[in-house]
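Have a look at the structure below before the remarks.
The values are calculated or read from the model by the stated rules, or taken from the named source; none is laboratory data. This structure is a prediction, so every number in the text was calculated from the model and none was measured. A quick note on method: Cβ atoms are made from the backbone with ideal geometry, for glycine too, and the neighbour counts reach across all protein chains shown. What goes into the accessible areas is simple: the full protein's heavy atoms, side chains included, and nothing from ligands, DNA or RNA. Shrake-Rupley method; radii C 1.70, N 1.55, O 1.52, S 1.80 Å.
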Amino acid sequence: QVQLVESGGGLVQAGESLRLSCAASRSMFSIGRMGWYRQASGKQRELVADISSSSSTDYADSVKGRFIISRDNAKNVMYLQMNSLKPEDTGVYYCTAVRLGNTYWGPGTQVTVSS
């Protein structure tokens, strides 16, 4: 089992930055791929970025060049640095982790970007 808790969401204006954190309940050295998803109201959940156990990364086209995903296995925390935020980045952000073939989800954190 892996429990995940996101933090760092909030209300910001367009152009500002936020950093989301995802704390894992067990050593991240035993966790494989991790990622961030988001879900806007009335829309499907979408992948924002993910990072492998060796820290290779992938991003949705809509956030490339603005968001940076990273993980600190020693601290059991994954991050999402979000810069130049846009109103369309608004949504609930969820972190995920894969371990032993199972995918775990956090409860989510709300990000709201006003124009």
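Restricted to the stretch 90-115, and to residues there that are of a type in the set (S, T, N, Q) and over 15 Å from Leu20 (Cα atoms), the residue that is most open to solvent (accessible area, probe 1.4 Å) is Ser115. The number of residues in the stretch 8-22 being open to solvent by less than 60 Å² (accessible area, probe 1.4 Å) and under 11 Å from the mean Cα position of the chain (by Cα) comes to 5.
Selection of the stretch 74-89 for residues being under 27 Å from Ser25 (Cα atoms) and open to solvent by 30 Å² or more (accessible area, probe 1.4 Å) yields Ala74, Lys75, Asn76, Tyr79, Gln81. Taking the listed residues Lys86, Lys64, the one that is touching a residue at least 60 places away in the same chain (Cβ under 8 Å) and of a type in the set (D, E, K, R) is Lys86, with no other qualifying. If you go through the stretch 48-102 and pick out every residue that is in a loop (DSSP other than H, G, I, E, B) and over 24 Å from Gln3 (Cβ atoms), you end up with 13. Only one of the listed residues (Ser53, Ser25, Ser62) is farther than 16 Å from Ala97 by Cβ, polar (S, T, N, Q) and in contact with a strand residue (DSSP E or B) (Cβ under 9 Å, 6 or more places away or on another chain). That residue is Ser62. Scanning the stretch 28-47 for residues that are exposed (fewer than 12 other Cβ atoms within 10 Å of the Cβ) and part of a loop (DSSP other than H, G, I, E, B) returns Ser41, Gly42, Lys43, Gln44.
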